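In what follows, a structure is listed as structure tokens, so that the remarks can point back to it.
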Amino acid sequence: MFDSLSVNESTLHDVAAIVPDATLFVTSFGGVIELPAENEKYIQIKIVGSEMIVDSIELVDTPWCDK
């Protein structure tokens, strides 16, 4: 589903085109989007800078807001 996204190239707009109902948690560096995955894990997408560029896409065990 996220194969069309490229780290350091794709933007928040590109993510929203794939997952229009995703919630962006605003942070000091930009933001984080988390989506539930299988086995109680989360797909975490970090967005950075004023241009809102995708910085990373990771599968994580703990949601950002629980850290």
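The values are calculated or read from the model by the stated rules, or taken from the named source; none is laboratory data. All figures in this text were calculated on a predicted structure; none of them were measured in a lab. Note that we place each Cβ from the backbone using ideal geometry, even for glycine, and neighbour counts take in every protein chain shown. Ligands, DNA and RNA are stripped out before the accessible areas are found, and what is left, the full protein with its side chains, is counted by its heavy atoms. Shrake-Rupley method; radii C 1.70, N 1.55, O 1.52, S 1.80 Å.
Residue count for segment 3-34 under the criterion of being open to solvent by 70 Å² or more (accessible area, probe 1.4 Å) and among the hydroxyl-bearing types (S, T, Y): the result is 3.
The set of residues in segment 1-50 being among the acidic types (D, E) and either more than 12 Å from the chain's Cα centre (by Cα) or under 19 Å from P63 (Cβ atoms) (or both) consists of D3, E9, D21, E34, E38, E40. Applying the criterion of being surrounded by 12 or more Cβ atoms within 10 Å (Cβ to Cβ) and of a type in the set (D, E, K, R) to the residues of segment 35-67, the residue that is farthest from V15 (Cα to Cα) is K41.
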